[in-house]
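A short write-up of the structure that comes next.
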Amino acid sequence: MEITNVLEYEAIAKEKLPKMVYDYYASGAEDQWTLQENRNAFSKILFRPRILIDVSKIDMTTAVLGFKISMPIMIAPTAMQKMAHPEGEYATARAASAAGTIMTLSSWATSSVEEVASTGPGIRFFQLYVCKDRNVVVQLMRRAERAGFKAIVLTVDTPRLGRREADIKNRFNLPPYLTLKNFEGLDIGKIERTNDSGLASYVAGQVDRSLSWKDVKWLQTITHLPILVKGVLTAEDAGLSVQAGAAGIIVSNHGARQLDYAPATIMALEEVVKAAQGRVPVFLDGGVRRGTDVFKALALGASGIFIGRPVLFSLAADGEAGVKKVLQMLRDEFELTMALSGCRSLNEITRDHIVTPWDPPR
Ligand code: FNR
């Protein structure tokens, strides 16, 4: 049967993947309240569509950090994509390129920056988890730069790994035939097999819990690439990100995998946008599954959105073709939403095109 929306891929992935892998991809932290809320919150925002506007031509193009892309829909970093499909990150990179959009490669990818670069041209960002050993960080930066990556997505919401109980029950481990390719040759590529969650123990060992704002400044001394701070949920941290020299902010709760009862990202977005005061672009990820979700995020001031799980689930279902289809379906739905709202270009999408539960009555 034909797949007609992004959400349908999850059930297919669940059927195809080993339980340990599906659970790792699908899970949120603890009660998974935030996981549900990332979706639910979108459904509380409604439209105020405008009519009788000539929408025979719709332009979805935009520029992110100066890079032209075909639509404001991009790919978030997700770890270990080869567990979903043998082509893993290669397939994702090709699908993103074909769609004319940006792929973010995870630090914890099962393909290296060089391997992803070898798939052909494309605008790619590199997501960074800062390791305790700063030499490793310097080496990773050099490699990402040489491989032509255009920006660093610095993940700041993971000083420790959130508690994902399914991973603990399943004793989640990277399958032995896969490695974290970006760390190969750096002597930290092997996840220790412990009787706890192997990933948790690895991250506990390597991710630097002492990471702070001064490190955001330090990063700028070792790379010329612009830095997007990923994991901002408050006005306070939006202000500090700008002060620390960030080129952009990603409003994210890590797909609800870190702090449970953190707000849905679509709820936190407007506060962050206001605090950024247009000094840097603000992006969002978390729960985006429909073109209407993309529109709502843009109406609240986002410059674009990123998708995480839809890539993993479609990759599991159908490899590169699956990821292409996800990007195409979101693109088509977003275009339709623009048309039915009376918007011909992204800058015609305004706050007045939506109504939220926190708006005063008109
Ligand atoms: C992630 N995410 C993530 N983020 C990051 O900065 N580095 C990483 O390696 C990963 N890995 C990862 C694995 C899996 C399985 C998931 C589901 C998520 C978070 C990711 O970048 C993004 O913030 C969320 O996935 C967005 O939410 P949705 O689209 O999955 O709802």
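All of the numbers you see were taken from the coordinates with simple rules; none came from a lab. Everything quoted here is computed from the prediction, not taken from an experiment. Here Cβ is always computed from backbone atoms with ideal geometry, including for glycine, and neighbour counts include all displayed protein chains.
Extent along the principal axes, Cα only, for the range 118-183: 40, 26, 21 Å, with the longest axis given first.
Shown is the FRET efficiency for residue 67 and residue 46, computed with R0 = 35 Å from the Cβ-Cβ distance and rounded to the nearest 0.05: 0.60. Note on residue 57 and residue 339: the extension gain reaches 100.6 nm, defined as 0.36 nm multiplied by sequence separation minus the Cα-Cα distance. For residue 74, nonlocal amide neighbours, meaning residues 5 or more places apart or on other chains whose placed amide H falls under 5 Å from its own, are 305, 306, 307.
Taking 0.36 nm per residue of separation and subtracting the Cα-Cα distance, full extension of the segment from residue 279 to residue 3 would add 95.3 nm. Evaluating 6.51 cos²θ - 1.76 cosθ + 1.60 at θ = phi - 60° for every residue in the range 136-144, the Karplus couplings come out as 5, 4, 4, 5, 4, 4, 4, 5, 5 Hz, glycine and proline recorded as x. The 3J(HN,Hα) values that the Karplus relation (6.51, -1.76, 1.60; θ = phi - 60°) gives for the range 333-339 are, in residue order, 5, 5, 4, 5, 4, 4, 4 Hz. Gly and Pro appear as x. Peptides 123-134, 90-101, 335-346 ranked from most to least packed give 90-101, 123-134, 335-346, packing being the mean of other C-beta atoms within 10 angstrom over each peptide's residues. Packing around the peptides 354-361, 18-25, 314-321, taken as the average count of other Cβ atoms within 10 Å per residue, puts them in this order, highest first: 314-321, 18-25, 354-361.
With R₀ set to 35 Å, the beta-carbon distance separating residue 348 from residue 240 gives a calculated FRET efficiency near 0.65. The Cα center of the range 223-240 and the Cα center of the range 81-152 differ in position by 20 Å.
Between the range 5-39 and the range 287-321, the alpha-carbon centres lie 14 Å apart. Compute, for the range 6-355, the length of the dipole vector about the Cα centre, with Cβ point charges of +1 (Lys, Arg) and -1 (Asp, Glu) only. Units Debye, rounded to 20. So the dipole magnitude of the range 6-355 works out to roughly 340 debye.
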